[in-house]
1. Starting from the Kirkwood radius over alpha-carbon pairs of the stretch 18-65, derive D by Stokes-Einstein at 4 °C in a medium of 1.567 mPa s and give it in µm² s⁻¹.
2. Summing Lys, Arg as +1 and Asp, Glu as -1, what charge do residues with Cβ under 15 Å from the Cβ of Gln552 carry, Gln552 excluded?
3. With contacts defined as alpha carbon pairs under 8 Å and 6 or more residues apart, what's the relative contact order of the stretch 470-546 in percent?
4. Computed over the Cα atoms of the stretch 482-629, what is the convex hull's projected area averaged over all directions, in nm²?
5. Return the FRET efficiency for the residue pair Lys632, Lys562: r is the Cβ-Cβ distance, R0 is 30 Å, and the value is rounded to the nearest 0.05.
6. Among the listed pairs Lys311/Lys404; Lys184/Lys425; Lys73/Lys485; Lys466/Lys535; Lys89/Lys167, give every one whose C-alpha distance is greater than 25 Å.
7. Among the complete DSSP H segments of the chain, which ones combine at least 15 Å of alpha-carbon extent along their axis with a mean Kyte-Doolittle hydropathy of 0.5 or more?
8. In nm², what is the average projected area of the convex hull enclosing the Cα atoms of the stretch 470-546?
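Please treat every number below as a calculation from the coordinates, not as lab data. In this text the structure is predicted, and so the values were computed from the model without any measurement. Don't worry about glycine lacking a Cβ; one is built from the backbone with ideal geometry, like all the others, and counts go over all protein chains shown.
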Amino acid sequence: MAQPISNLPIPDLDDKTFEELVEEARARIPQYAPKWTDHNLSDPGITFLELFAWLAEMQIYSLNQLPDRNYLKFLKLLNEKPQPATPAKVDVTFTASKNGSVTIPKDTQVIARESATGEEIVFETDAAVEVLPVNLAKIVSFVDLKYTDHTDANNRVGVFYHAFGEKAQAGSIFYLGFNLDLEKVSGKEMTITVYLYETDLPLRGQHGQESPQIFPSAELVWEYWHEEEETKKWVTLELKKDDTIVLTKNGRISFVIPSDITRQILPPFLEEEYNLFWVRCKIVKEGYEIPPRIDTIKLNTISATQGQTVKDEILTRKDEETFKPIFDKTISSGLSYQVFQSKNYPIIAGIQALTVQGPNGDSNIWEERDDFDASGPGDNHYILHLTEGEIEFGDGVNGCIPPKGSEIKLTYRFGGGEIGNINAKTIYRACDEAGNPIQIEVENELQASGGKEEESLEVAQAQVRKDLKIPYRAVTAEDYKSIAKDTPGLRVARAYAAPYPEENLVKVAVVPYSLLERPTPSQGFLNTVCRHLDKHRLLTTNLNVIPPEYVQVSVDAEVRIKPQNEPEAMQEKIETALKNFLHPLTGGPDGDGWPFGRSVYQSEIYAVIEGVTGVDCVTRLALRAAGNYKYKDGNIDILPLSLVYSGTHNIEIRVPETVCKTIRR
């Protein structure tokens, strides 16, 4: 005889009892109300405390009884929901045949084999690409009247080079030399993939789910070399696409290979290896906060997303075990709350189309909804459960029922998750949509990234708590500062907001992250921040986004050093310490950037110099400045939206004949 199954223990969902809540609140009275000394039950305040504890106990208990579906509704009220499984992305490089170009269509399958398990993982290309028999033979830059060959750096892992030099000044030029057969590739579209070196840079700003809308300040012109009889000149090359936004981020640049491009040996080189088809990129207007540092440039490369597309799959109806089906499971029963199942899952979000084909052959495209709360009897809506691959229909009151005998067809892509984060050089084969192999070499030189598992309800709740702390409406000065620093796509290192109530105006000074000693935002940078803030400001608030006003500060000092220290080395150490202390991004008393509007005090400069190892004492010190400032009692006062940066210091090193303590007397 089977043993009866014992009841599962019911956990105590109450975290705190009424008594615990009362005692905790009573213990905090001295901290928040020190003058409240009567903690007896007869005190009216204790009565209110017990009342609130009683209410809290009931609310905690009720809250712990809520099912997951209620929590999902609460998250929806806050415009949040658990994120579905995310597919990984990877760049794949094709090797062209010497016989000519090959067109790789969008959604071409590229297959990776997991080395540990031998499992094959399918990716699909995100766009079409023309694979050309072209070789990027040389990469050269022209900066400050000097040519530099970067070809070797481009082919080495972990080595970067400056496309336009360290300052990216107007007139700097970046050359790409191609080896190609013009008869085979003339008129074809060439795609160049640019990878910037950004390992040592902070992450770009993010603000919720907002997409970057960047206004570039730098202006580039692309040209190719044309030579015909006595005509020798650089001709403008029109780009079809520039995902890099003038070489400020990773992306692809594409153009049609001109039929009149000609070879030349790029001056001042004389070797035959520089006799190539040259395309160049020239700065006509400056405006880079961070001059482009290129890690590598690849040809015939396109991105691919993990997953596999299925078109017009006829779904199967799921019936309860207690329900005896009387209809074919591949058609609608005409009943309420039908659920249909896909063959493959999880389904990748945003890439599906559902069609209901009636018994008479007519087809209608239905729309996805999160729920049926706002759906009426005639609304062709459905709910998609991505993880389970299930399609749910309404009851005829909230959401239409598919007509009896209808076929449910779904086009979708399935996949996603961490399994797609494959290692480099694991993609080995390409196939068409039908799975037939394509005779072309393909590989991924980089590791795939971005694949994530479905987000749990607990993680979604933690994320919404975190998100609630992020300001999305600019009201206070701190709101403006935070929102400015989170401008999508930009690296805003510092921001400061100053309100002017009489003008109903807020001025926001922003400092870009930069490798220069005086980071100054370009006009496009300011416009990008302003546009982002404009979406979040109050309707009647005027907004002005400006660069900080810089004041250059220099130090004149006489310093006595301790014996056995080299004067030249000590002078360099002192100047470095002053430069670091007066830096807009890393200086200041706390080392996180010079505070906006903070004066420069002699006492702090004394402390900086005397803090250098080997310094005995400072016998004389004076501050010099250039810019908009006031000199007061030997200190430098600056305006609220101003910052300081280090100038040229004059440090005189003295080897002491007597100890500093004697001199100070």
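1. Once the numbers are plugged in, D ends up at 114 µm²/s.
2. -1
3. Details: 122 pairs, mean separation 24.3, N = 77.
Once normalised by length, the contact order is 32 percent.
4. Details: hull surface 41.9 nm².
Averaged projected area of the stretch 482-629's Cα convex hull equals 10.5 nm².
5. 0.35
6. Over 25 Å Cα-Cα: Lys184/Lys425; Lys73/Lys485; Lys89/Lys167.
7. Span-like helices in the chain: 44-64.
8. Value for the stretch 470-546: 4.9 nm².
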